Structures are given as C-alpha cells and as structure tokens.
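Visitor: Okay, handing you the structure first.
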Amino acid sequence: MNETKHNWTKEEILDIYNKPLMELLYKAATVHRLHHDPNTVQVSTLVSIKTGGCSEDCGYCPQAARYHTNIEGNDLMSVQQVKAQALRAKSGGSSRVCMGAAWRNVKDGEEFDQVLEMVRTINKLDMEVCCTLGMITKNQAQRLAEAGLYAYNHNLDSSEEYYKEVISTRGYQDRLDTINNVRKTNVTVCSGGIIGMGESTEDRAGMLVSLSTLNPQPESTPINALVAVEGTPLENQQPVSIWDMVRMVATTRIVMPETQVRLSAGRTQMSREGQAMCFFAGANSIFAGDKLLTTPNPDVNEDLKMFELLGLNPQKPFTKKVQPKTVEAAESQYEALGEKPKWTRPKHTIERNELAKKKAVK
Ligand code: SF4
C-alpha cells in the first residue's frame, strides 16, 4: 500500500482532475480498493440541534441571520430530543450522529454543557458522535474529547483564494486553527467543502491542496454540491453537474486515500446512476435523513433501496477507530476557561452578500 502523500501541488491535483474520465475513474477506483472495502458505505445522520440566527455571513448558508430565507429556527434541543433522533438514526442503519449548531463559535456555559451531555448520551448508545459547532478552542476540544466525541466537523469550504468571495466574517486561517485545536486531542477531523459556488477548477484543486497537505489528512471529507437557497447570496447559482461531482470525488479519493469521502448536500439533485458513479469513484460515506440541517436530502428508505440495488452495506460504528471513553461531567479534569477562540475579522466587502442583506432588510 502506498504511503499517503502530504505535499500535493495544485498542478498535480489539476492534472488528476482533468484526466480523461475513464482513466480518472479507473485510477480512483483502484486507490479506493487498496484502502477500503468498496462495498461498504459509512452512513451519518445530521441533526440540527440549534437552527438559524447565525451571526456569520457565509454566502451559501440559509442559517445566516442577515439573509431572508424563511427557515424555521429553533433554540438548542434538549438531550432527550437528540437521544430520540439518535435512536431513530441507529435503527435506520446510521453509525454516526453529527450534531450541528448554527454558531460562530462555542461559548462556555450552560448550552455547551448541554452539548457535552448530548455527546455522552450518544456515545453510550454505541454510535460515533460528531459535532459541528463553529470555532472551538483547545480547551473546548479537550472537553468534547473527554465526553466521548468521535469526530469534529469544520469545513474549509473552498480554496483560500475563493473563501474571500463567500465569507467576510472570518478568515481561512481561523478554520485551520480550529482544525489544529481538534488535532491536539484524539478526536478525528472531518473537513471538506462545497462545489458549485462559482469557484473555478483551480479553486477546487486549491481546496484539495489545503486538505491533503494537512498531516494527518482529515479522517472524513464531505463533498457538498451547493443547494442554492432562495434569499442567500448564492441563490442564482446553477446546480453543479454530476460530471463535476464525480471528478471531485475521484480526485479527493486519489489525493486522500485513507479518508472517508462523504457525498453530502446536493444528493437530491443526483440520480441513482450518478450516485453509483460517485461510489465507484471512491465516495464511501453519505448523510442520511430527509434533511441536511435545512436543505432537503433523499428519504432513508430510498437510500436503503439504493444500497440494496448496488450491493452496498452500511459500515459498523468504530470500524476505523476504537470507541472513545466517556468521562462523566462530575469527573472531568478540565474546567471551562471561559475563553473565546481568537479569530480574524477580515470584513472585506462581498458585493452579493451585501445585496442579499439589503434585500432581506427590505
Ligand atoms: S455555515 Fe455555519 S457559520 Fe456560516 S452562517 Fe451558516 S451556521 Fe453560521
């Protein structure tokens, strides 16, 4: 088995991305078979534990408070509500629950303590627990790890250059800093991005440079196809073509051979044949459940039928890494430090974000 390469250049990645499709698919499928069981797909369920009202200006996100998107917001769910959703996900074949909160960053206090309790509760159900809560400090990452967190998601979204065209309220380095804080614990890293935001092929390759040169590389990488939501600055983006999706998945597989590559947002726009080609190209994870935070996702039964048709089996929890132990709150060795992650606020102007904001005010 080849060693994972950590010094991919943009040119090398572009060479792979632009290969004749059959050659690209063959290469990606070969790498996939060397590192993974090609008939196994990891299934995650995303639960939006706190929806809407976010202070950031991510151009793709209907949860940003400044845009007018008609989503139904909710305060932080209770531990019991989340447990009920986790049990439902488990019975539907999910091995992982990913809890998403529309926060810029984690703040120590009652709400974070409640999230820690959710992590303990789900880990005790013998499911992998992932959180995506925005920026976190090292101390917060340690507290999550101690509660039994398996993975932390923090997407790089795009290339460093294109990131500035989508978000003005934080910088690329802030994302990398949070990933770095997670890496100081034994929590695995989930980080990927979105295609179809108007970025160039070079930007897609640039994002893969940023992800693949992390050492270690992320254990999982979601590849999202933008779901253009009315009211967001990216509402008029055309859906990404399946061919671009297949190329992106295949290239990710080749440059990050060990990573679980996840088909994420945008699956409702893909046919079964398209998804099958993505699995052949090296995707080996999906998000299940009828909603991905706020955007639509295929029905669980549809996915089960697709798995049957393709002969795919859901991956058992903790196949790739042992289950973390849960330390109860009363026995925690970490105190809440009440610190905030430091982040830059580039505050440059993104015309379409400003326009969407003005439109929402009207
Ligand atoms: S992507 Fe996350 S940080 Fe950005 S606006 Fe949406 S909820 Fe907030």
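The values are calculated or read from the model by the stated rules, or taken from the named source; none is laboratory data. These numbers were taken from a predicted model, which means no experiment stands behind them. Cβ sites come from the backbone with ideal geometry, for glycine too, and all protein chains shown count toward neighbours. For accessibility, only protein heavy atoms count, side chains too; no ligands or nucleic acids. Shrake-Rupley method; radii C 1.70, N 1.55, O 1.52, S 1.80 Å.
Visitor: Based on this model, can you work out whether Ile49 counts as open to solvent by 20 Å² or more (accessible area, probe 1.4 Å), within 16 Å of the ligand (Cβ to nearest atom) and of a type in the set (Val, Ile, Thr)?
Guide: No; evaluated as a whole, the condition is false for this residue.
Visitor: Do you know which of the residues in region 70-88 that are β-branched (Val, Ile, Thr) and crowded, with 20+ Cβ neighbours inside 10 Å is nearest to the ligand (Cβ to nearest atom)?
Guide: Applying the filter and picking the extreme gives Ile71.
Visitor: Return the residue satisfying two criteria in turn: it lies in region 253-279 and is at pLDDT 95 or above and in contact with a Leu (Cβ under 6 Å, 6 or more places away or on another chain), and of such residues it is most open to solvent (accessible area, probe 1.4 Å).
Guide: Among those that are at pLDDT 95 or above and in contact with a Leu (Cβ under 6 Å, 6 or more places away or on another chain), it is Ala276.
Visitor: Regarding region 146-158, can at least one residue be identified that is more than 20 Å from the chain's Cα centre (by Cα), surrounded by 22 or more Cβ atoms within 10 Å (Cβ to Cβ) and not aromatic (Phe, Trp, Tyr)?
Guide: yes
Visitor: Scan region 212-234 and tell me whether some residue there is farther than 25 Å from Val119 by Cβ, in a helix (DSSP H, G or I) and open to solvent by less than 10 Å² (accessible area, probe 1.4 Å).
Guide: Scanning region 212-234, I find at least one residue that is farther than 25 Å from Val119 by Cβ, in a helix (DSSP H, G or I) and open to solvent by less than 10 Å² (accessible area, probe 1.4 Å), so the answer is yes.
Visitor: Can you report the number of residues in region 54-69 which are in a loop (DSSP other than H, G, I, E, B) and near the ligand (Cβ under 6 Å from one of its atoms)?
Guide: 4
Visitor: Within region 14-29, how many residues turn out to be surrounded by 16 or more Cβ atoms within 10 Å (Cβ to Cβ) and closer than 15 Å to Ala281 by Cβ?
Guide: Result for region 14-29: 8.
Visitor: I've got another one for you. Based on this model, can you work out whether Ser168 counts as more than 21 Å from Cys131 (Cα to Cα), open to solvent by 20 Å² or more (accessible area, probe 1.4 Å) and polar (S, T, N, Q)?
Guide: Answer is no for this residue.
Visitor: Might you let me know whether region 155-165 holds any residue that is within 15 Å of the ligand (Cβ to nearest atom), in a helix (DSSP H, G or I), acidic (Asp, Glu) and touching a strand residue (DSSP E or B) at 6+ places or on another chain (Cβ under 8 Å)?
Guide: No: zero hits.
Visitor: State the number of residues belonging to region 177-206 that are more than 14 Å from the chain's Cα centre (by Cα), assigned to a helix (DSSP H, G or I) and of a type outside the set (S, T, N, Q).
Guide: Total meeting the criteria: 8.
Visitor: Related question: Look through region 89-135, keep the residues that are in a loop (DSSP other than H, G, I, E, B), within 16 Å of the ligand (Cβ to nearest atom) and of a type outside the set (Phe, Trp, Tyr), and return whichever of them is most open to solvent (accessible area, probe 1.4 Å).
Guide: Looking at residues that are in a loop (DSSP other than H, G, I, E, B), within 16 Å of the ligand (Cβ to nearest atom) and of a type outside the set (Phe, Trp, Tyr), I get Lys107.
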